[in-house]
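Asker: Okay, handing you the structure first.
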Amino acid sequence: MTQPLAPGSRSRSRRPGRRGPALLAFLMSLCLLGGALWPGASQAQWSLRPRTVEPMSSADEIKSRRQRALADELARRHLGTPLRGGETRDLTTLQRLLDGNWIEREDVFSQQAIGLALGDVMARNLDLHWVVVDDDYGRSRALRWKDEQDLFFPVTMVSVSYTHLTLPTKA
């Protein structure tokens, strides 16, 4: 049983909506597990069609540019801080953006924009490059190291994780 607080004292609990830097670290670790977390990342024996991994098309590049611009615009609008094109310090900005709960659960395009920005940090710092994977699950942007089969899906991972998180309601 908790004891009541003295008048004028502050609660020791964290304020609502604050998940701390641990969430982004958790998301990064999920992403780094790659194929173990996303069924489309490894070729299943029961697959109806073979998985293809290709360079990004011009349409994929255009969509990615739009989402990078959106992620930067969200960071500037809500935090007054621009994204810096995949620099490690973007992780703090992305974490604050997620903590602020400014993206609606139904806004998948914006969630994917945050995932793309996270992927840009990973690509820049872990020597990965963007590709497109087309398989039974659909067409997805992924990160790949050299020509290896291991793939990371930060765009999909953030949007799926965001949808399933229990987010606090805005006051």
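Asker: Here are some conditions: (1) without any contact (Cβ under 8 Å) to a residue 40 or more places away in the chain; (2) closer than 22 Å to SER161 by Cα; (3) open to solvent by 10 Å² or more (accessible area, probe 1.4 Å). THR92 meets all but one. Which one does it not meet?
Answerer: Answer for THR92: the failing condition is (1).
Asker: Sticking with this one: Looking at this structure, is LEU97 in contact with a Leu (Cβ under 7 Å, 6 or more places away or on another chain) and either farther than 22 Å from ARG144 by Cα or among the hydroxyl-bearing types (Ser, Thr, Tyr) (or both)?
Answerer: yes
Asker: One residue is enough: does the stretch 66-89 have a residue meeting the conditions surrounded by 21 or more Cβ atoms within 10 Å (Cβ to Cβ), in contact with a helix residue (DSSP H, G or I) (Cβ under 6 Å, 6 or more places away or on another chain) and modelled with pLDDT under 95?
Answerer: no
The values are calculated or read from the model by the stated rules, or taken from the named source; none is laboratory data. Predicted model only: the values in this text are computed from it and were never measured. Here the Cβ is made from the backbone with ideal geometry for all residues, glycine too, and neighbour counts use every protein chain on show. Accessible surface is based on the protein model in full, side chains and every heavy atom, while ligands, DNA and RNA are left aside. Shrake-Rupley method; radii C 1.70, N 1.55, O 1.52, S 1.80 Å.
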